[in-house]
Amino acid sequence: MRRLLLVPLLVSALTASAAVPSPTIDGPVSGGNGAPFVAATTFDPAVVGYVQEEFFISGTATSFGSATPLGSDGQWTAVPGATAPYKTRIVVYRPIKKSRFNGTVLVEWLNVSGGLDAAAGWIGFHTELMREGWAYVAVSAQYVGVEGGNPLLPGLPVSPLKTVDPARYGSLSHPGDSFSYDIFSQAGQAVRTPNGPSPLADFKVKRVLAAGESQSAFRMVTYANAIQPIAGVYDGILIHSRGGGAANLAEAPQTPVAAPSAVTIRTDTQVPVLTFQTETDLLFLGSVPSRQPDTDMIRLWEVAGTAHADTYTVAVGMADTGTVAGAELLVTSSPLPFISCPLPINSGPHHFVLKAAVHALERWVRSGRPPAGMPLLEVVPGLPVSLARDANGNALGGIRTPQVDVPLAGFSGVGQTGSIICALFGTTAPFDAAKLQSLYPTSKDYVRAFTKATKAATRAGVIRPKDAKLMKAAAKNVDLGG
């Protein structure tokens, strides 16, 4: 029955998208420094059968206001406001062979917290998309990424497109973040009904999903509550690592429209919305007040042992082509070359469960069957908010993984002191030899327990089968003696 109900909702969303103009598309873009400037994967996509291309999109974008203050329930009604011309860019990864394309396109709102365009979500889930034949589109939706300005994370170098490569990007023009939501809608429309060279060649697009991580997740909350209901461009939305509130709907010089400090996803959403949360997002970013029950169109995934960013994000993810290296446990105290954190940063299972999340969302949109509900992390009552933890220092409740249930360390999303950046990377507390010996007398004992836990996580749908194979291979490389 759920599948039959979902079909007309998606048809309605696709019909509503006709209200969003299709921007003019130019490209593929060349010149300048010879390659798109974006913090994303660094390997040649051809080695996994993909191609990377860049396009410019341009048109007239609309800002939005609201006749009433935005409420915490997300039941927002956006009102069109001023318009302005814009020109920005999109970066596309697609299969080289048309036969490999599975019909699904994921459009990511690039993260500008560090003063440059970063494909934070893509770095985490690209191996899943590439092995399943997805296409991916990254959108420079915000002013900072194109023109420059103040990053949300102080201390990082600001690298806007027009400064980094003026020969390539000098013609771009962004009117301000009040227009970013419509720019993001038009980027999705460019995928559906291209006005110019198609970013997806002659591939037949069946589904278009939206995603945003961290700062962009705040934007996705606002987009899901205010813009998607009137734009109808996207078939599903992934909100990846949000805080308790949401981004402003409008900013100066337009009349500012601020969101409350705690916001849920509107319960009448007509497209599936999956929110993926780490421990850091609950505790440091304060998303606990925004927890909400699952519905037929809303799912909340909270993952034990995870941090907002981790060793995979900065040490492995950008070069990972889907090998066992992406499953190895890494411990480092330096997440970035110019940042030193006092404790080893998190090496938990964030990216593995994230890939299962995007798979679950795509299957939900495609079939109409929502994924199973997942347990939430166990929060200890009182202030400050904290999580219940086991004797190994790992959180109780939430989505379970073999890295947490058969641990070599305690993984936490909090615990760092000093800079905001370090706080986002959480901690790893490696077990000493005596602790490891007490848990796993021999390496075979560890592998046996890890394999059993991996099978359970795979059956639960929180680890993809191909990742399970990599994880089990990595476990066999752990030498505990015996």
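Determine if the range 272-283 includes at least one residue that is among the β-branched types (V, I, T) and surrounded by fewer than 23 Cβ atoms within 10 Å (Cβ to Cβ). No, because not a single residue in the range 272-283 is among the β-branched types (V, I, T) and surrounded by fewer than 23 Cβ atoms within 10 Å (Cβ to Cβ). V51 meets the conditions (1) assigned to a loop (DSSP other than H, G, I, E, B); (2) under 23 Å from H126 (Cα atoms); (3) within 23 Å of the chain's Cα centre (by Cα); (4) not small (G, A, S) in every case but one. The failed one is (1).
Residues checked against (1) in a loop (DSSP other than H, G, I, E, B); (2) exposed (fewer than 15 other Cβ atoms within 10 Å of the Cβ); (3) under 22 Å from the mean Cα position of the chain (by Cα):
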position: G393; (1), (2), (3): yes, no, no
position: G410; (1), (2), (3): no, no, no
position: G418; (1), (2), (3): yes, yes, no
position: P441; (1), (2), (3): yes, yes, no
position: K444; (1), (2), (3): no, yes, no
position: R448; (1), (2), (3): no, yes, no
position: T458; (1), (2), (3): no, no, yes
position: K472; (1), (2), (3): no, no, no
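The residues of the range 154-180 that are touching a helix residue (DSSP H, G or I) at 6+ places or on another chain (Cβ under 6 Å) and crowded, with 18+ Cβ neighbours inside 10 Å, listed by number, are P160, L161, Y169, L172, H174, G176, D177.
Listed by first and then second residue, the pairs with beta-carbon distance under 8 Å, at least 6 apart or on different chains, first residue in the range 423-438 and assigned to a helix (DSSP H, G or I), second among the hydrophobic types (A, V, I, L, M, F, W, C), are A423/F284; A423/V414; L424/F284; L424/A307; L424/A309; L436/L408; L436/L480; Q437/L480. Which of (1) without any contact (Cβ under 8 Å) to a residue 24 or more places away in the chain; (2) within 26 Å of Q277 (Cβ to Cβ); (3) of a type outside the set (A, V, I, L, M) is the odd one out, the single condition N225 does not satisfy? N225 satisfies all of (1) without any contact (Cβ under 8 Å) to a residue 24 or more places away in the chain; (2) within 26 Å of Q277 (Cβ to Cβ); (3) of a type outside the set (A, V, I, L, M) except (1).
Quick grid of which residues meet (1) modelled with pLDDT under 95; (2) among the small types (G, A, S); (3) under 20 Å from the mean Cα position of the chain (by Cα):
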position	(1), (2), (3)
F352	no, no, yes
H359	no, no, yes
E362	no, no, yes
V365	no, no, yes
P370	no, no, yes
M374	no, no, yes
V380	no, no, no
P384	yes, no, no
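Restricted to helices (runs of 4 or more DSSP H) entirely inside the range 62-164, those with at least 3 residues that are of a type in the set (G, A, S) are 120-132. Out of all the residues in the range 363-371, is one or more surrounded by 19 or more Cβ atoms within 10 Å (Cβ to Cβ), in contact (Cβ under 8 Å) with a residue 12 or more places away in the chain and either on the phi > 0 side of the Ramachandran plot or part of a helix (DSSP H, G or I) (or both)? Taking every residue of the range 363-371 in turn, at least one turns out to be surrounded by 19 or more Cβ atoms within 10 Å (Cβ to Cβ), in contact (Cβ under 8 Å) with a residue 12 or more places away in the chain and either on the phi > 0 side of the Ramachandran plot or part of a helix (DSSP H, G or I) (or both). The sole residue among G322, G326, G244 that is surrounded by fewer than 23 Cβ atoms within 10 Å (Cβ to Cβ), without any contact (Cβ under 8 Å) to a residue 60 or more places away in the chain and out of contact with any Cys (no Cβ under 8 Å at 6 or more places or on another chain) is G244. Being of a type in the set (A, V, I, L, M) and surrounded by fewer than 24 Cβ atoms within 10 Å (Cβ to Cβ) is the filter here, so list the residues in the range 284-312 that pass it. L285, V288, M297, I298, L300 - these are the residues of the range 284-312 that are of a type in the set (A, V, I, L, M) and surrounded by fewer than 24 Cβ atoms within 10 Å (Cβ to Cβ).
The values are calculated or read from the model by the stated rules, or taken from the named source; none is laboratory data. Note that the coordinates shown come from a computational prediction; the quantities given were computed from them, not determined experimentally. Don't worry about glycine lacking a Cβ; one is built from the backbone with ideal geometry, like all the others, and counts go over all protein chains shown.
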